[in-house]
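Inspection log for the structure reproduced underneath, given as structure tokens.
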Amino acid sequence: MSKVIRLALAVIIAHTVVLSLHSAAHQVLGVEASQAQLFFIVIVIMIAPLVAGLLLWKRMLTAGAVLMVCSMAGALIFGVYNHFVAISPDHVSHIARLPQKNWAIIFQTTAALLALVEAFGIWAGIRTLKKS
């Protein structure tokens, strides 16, 4: 397995770990998504990167890389908008005012980490595409 594929898989694993912590913070803090948001989150942010990783693992490089780039880009846009732009209960500044300070810090930290990992995921997916 090439270095580029291992890097892409590592990014997908990192994304899954950070996303799990962020999802736990959502649960503890009671920050709920709408049905439409939940549909997008489950399909694009949770499942699609894992399917991309499976495709990369099975050496279906073009399909895996395209899915990785698309899912990470969708996740990045969704997350940046909802955590840093739109004024809503999901905004990091709103979370800071909640009484569960430790979970608020986890929420804010993982929101920023998700944006970084997703941006890196786009880059890793593009590098994988160039190699395929």
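The values are calculated or read from the model by the stated rules, or taken from the named source; none is laboratory data. Predicted model only: the values in this text are computed from it and were never measured. Keep in mind that these areas ignore ligands, DNA and RNA; they rest on the heavy atoms of the full protein, side chains included. Shrake-Rupley method; radii C 1.70, N 1.55, O 1.52, S 1.80 Å.
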(message) Explain nothing, just the number: relative contact order of the chain, from Cα pairs under 8 Å at least 6 residues apart, as a whole percent.
(response) 38 percent
(request) Skip the ligands, DNA and RNA, and give the accessible area per residue of the chain with a 1.4 Å probe, whole Å². (result) 55 Å²
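For region 4-132, give the percent of accessible area contributed by carbon and sulfur heavy atoms, probe 1.4 Å, rounded to a whole number. Let's see the in-between values first.
Values: 5130 of 6990 Å².
Ligands and nucleic acids excluded, carbon and sulfur reach 73 percent.
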(request) Per DSSP H run of at least 4 residues, take -39500 (n - 2.57); add these up for the chain, divide by its residues and hand me the 222 nm value, nearest 500 deg cm²/dmol. (result) -24500 deg cm²/dmol
(message) I need the helices of the chain that pass two filters: whole DSSP H segments spanning 30 Å or more by Cα along the axis, and mean Kyte-Doolittle score no lower than -1.0.
(response) 3-29, 101-131
(request) Mind telling me which of 93, 34, 71 comes out most flexible in a GNM of the chain, alpha-carbon contacts under 10 Å? (result) 34
